[in-house]
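Taking it in order: structure first as structure tokens, then the write-up.
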Amino acid sequence: MSKVAEPDQQLSQQLEPAGCDGAAFVLPGPVLTGTNACIEARGAAAMNMHEKARRWLPAWLNKGMRGAWRAAKRLLPDELFLRLSHRRHVGRFPSLAAPQTFNEFILQRCLHPEPQWSVLADKLAVREFVKQRIGEEYLIPLIAVPEVFTEELFASLPNSFVMKTNHGCAFVKIVEDKRRTSFEELNRLAQAWLAQDFYLSSRERHYRPIKPKLYFEQLLLDRAGNIPADLKMNMFGRDHTGPIIYAGIVSDRFGTPHGDVFDVNWNHLDLAVGHYPRSKVPPPKPPHWDEIVRLATRLADGLGYVRVDLYVPDGKVYFGELTFTPGAGVFPFHPDRYDYEWGQLFKNMIEENRPIENEAIQQDSRV
């Protein structure tokens, strides 16, 4: 059986085009007072007006507007595209000159990426960085990185593997039994992926220089034969208590997926990751959690905010990817105040870590 990892259809309709990250955080919150209440009320009012306007539109007009947006978005300048996308999905126009929210900082990153992000977001090129930072043993073994995908290469592949490209998200096909697919099927999919300009989908400019490449890697399975959960480590630096980390875990992604969020001490938080419902029974802390935190912190060191994606089948840690602009700045937070609170964490990192960031980048300039 083969499985393609792609954005959930419902999410894609809501958050086109950046719905493949699973990076949104949705959380019900307590009654608010004072400043937080004002922020919450302002954001909620904008969202309610936005949703009511959509509901009152006739279905044919709503559909026509979505079609017009899809047709026009490729012609819009990047900044205008991002402003309109943010307004459409978050419910307000963003402040890019003086960002305050998490989404606004992400939008600013989309427009003004650091040069090294193009290397570190390239799923093949980043392997050298990972090797230098934490060691080659944490990399998923590669099977092939072909210049051209041929029938001969297909014949040489093992019975199970994963086919991916390096230049964006959702370009993943899991093949558990090669006998149930064919070279023609995989080649059609591969050529479609390679032809896509991922930058145009959400205007994350650091993806623009990445040359699309096809590659095949080992399929990770745990002892029970299951695909391991995605562990998404949102790294916000540290304070006097230690690392500031919000870990999202997406389990059973190809079956009945669930998303849960934990703090650095593995306290289960009242959040849901993206469009996934929370688990009725929270997943247990992964084995060797302290080591996972250490590795993620080492990978994130000097990069400012970054999301470090890992897999931990049966306690063995494998690197997934580094994400610098999760959600492309168009994921709403519920309650809205968390967009501001995460934005403050973002701002704190910029103010406190800039000298460290520049020094670390220079040290790793060989990557």
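Values quoted throughout were computed directly from the atomic coordinates according to the rules given, and no laboratory measurement underlies them. For clarity, every value in this text was computed on a predicted model and none was experimentally measured. Don't worry about glycine lacking a Cβ; one is built from the backbone with ideal geometry, like all the others, and counts go over all protein chains shown.
Once you charge only the Cβ atoms, +1 for Lys and Arg and -1 for Asp and Glu, what is the size of the charge dipole of region 117-217 about its Cα centre, to the nearest 20 debye?
Roughly 380 debye for region 117-217.
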Per-residue Cβ contact counts at 10 Å, fewest first, order Tyr318, Tyr207 as Tyr318, Tyr207
FRET efficiency for His268 and Gln132 from the Cβ-Cβ distance with R0 = 35 Å, rounded to 0.05, comes out at 0.55
Computed over region 117-217, the relative contact order (Cα-Cα under 8 Å, seq sep at least six) in percent reads 39 percent
Residue span Gln100 to Arg238: 0.36 nm per residue of separation minus Cα-Cα distance leaves a gain in nm of 47.7 nm
The set of residues whose placed amide H lies less than 5 Å from the amide H of Val306, leaving out same-chain residues fewer than 5 positions away, is Met235
Subtracting the Cα-Cα distance of Asp252 and Asn348 from 0.36 nm times their residue separation yields 31.1 nm
With the dipole of region 117-217 defined by +1 on each Lys or Arg Cβ and -1 on each Asp or Glu Cβ, the option from Tyr199, Leu186, Ile143 whose Cα lies farthest towards the positive pole is Tyr199
Once amide hydrogens are built 1.01 Å from N within the peptide plane, the residues lying 5 or more places from Leu157 or on another chain with amide H under 5 Å from its amide H are none
Put in order of increasing Cβ neighbours within 10 Å, starting from the fewest, His258, His240 give His240, His258
So for R0 = 45 Å, FRET eff. of His288-Glu151 from the Cβ-Cβ r, to 0.05, ends up at 0.60
XL table Lys211/Lys285; Lys232/Lys347; Lys178/Lys280; Lys131/Lys232; Cα-Cα > 30 Å flagged, in table order, is Lys211/Lys285; Lys178/Lys280
